[in-house]
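What follows is a set of notes on a single structure, which appears directly below.
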Amino acid sequence: MDSDDRALRNACSALWLATISLMTAFMRTAAPAHRYMLARRIAANFGTLCEQGCFSTPSRTSFAKLAARWHYKAEQLAPEPRRLSDPSGLPAF
């Protein structure tokens with residue numbers, strides 16, 4: 001294994017550990033905006049991990065499934081679009 005492979009393996013391991021930490025933070029926070037942002041980051045991290053050849057095929061498949069699950073979770077937590085207001089400054093209904 002050359003130094004580039006070793007560096008990639010170390011970076012992937014660090015990303016995996018960071019993702020576990022983000023999942024812990026997600027479970028411990030109640031703030032909807034924070035949970036949304038954490039879920040987006042977790043999904044992105046799993047998306048990156050599923051593309052890395054330093055993990056086995058079953059692991060990459062699991063990471064892809066987790067990426068999809070966390071992406072779905074983030075979509076559920078996404079804030080509703082803001083309502084446009086009329087020129088009077090009152091909210092539009």
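If each residue of separation counts as 0.36 nm, what is the full-extension length gain between A11 and R28 once their alpha-carbon separation is subtracted?
Values: separation 17, 0.36 × 17 = 6.12 nm, distance 2.57 nm.
Taking 0.36 nm per residue and subtracting the Cα distance, the gain is 3.5 nm.
Using the Cβ of R9 as centre and a radius below 15 Å, the other residues enclosed give a net charge of -2, where K and R count +1 and D and E count -1.
How much length is gained on full extension from K65 to E80, taking 0.36 nm per residue of separation minus their Cα-Cα distance? List each step's numbers first, then the result.
Values: separation 15, 0.36 × 15 = 5.40 nm, distance 2.57 nm.
Here the segment from K65 to E80 would lengthen by 2.8 nm.
Using 0.36 nm per residue and subtracting the Cα-Cα separation, the extra length available between S56 and Y72 on full extension is 3.3 nm.
What does the convex hull of the alpha-carbon atoms of region 3-77 project to on average, in nm²?
On the way: hull surface 18.5 nm².
Taking the Cα atoms of region 3-77, their convex hull projects to 4.6 nm² on average.
Just so you know, all these numbers are worked out from the coordinates, no wet-lab data involved. Everything quoted here is computed from the prediction, not taken from an experiment. Don't worry about glycine lacking a Cβ; one is built from the backbone with ideal geometry, like all the others, and counts go over all protein chains shown.
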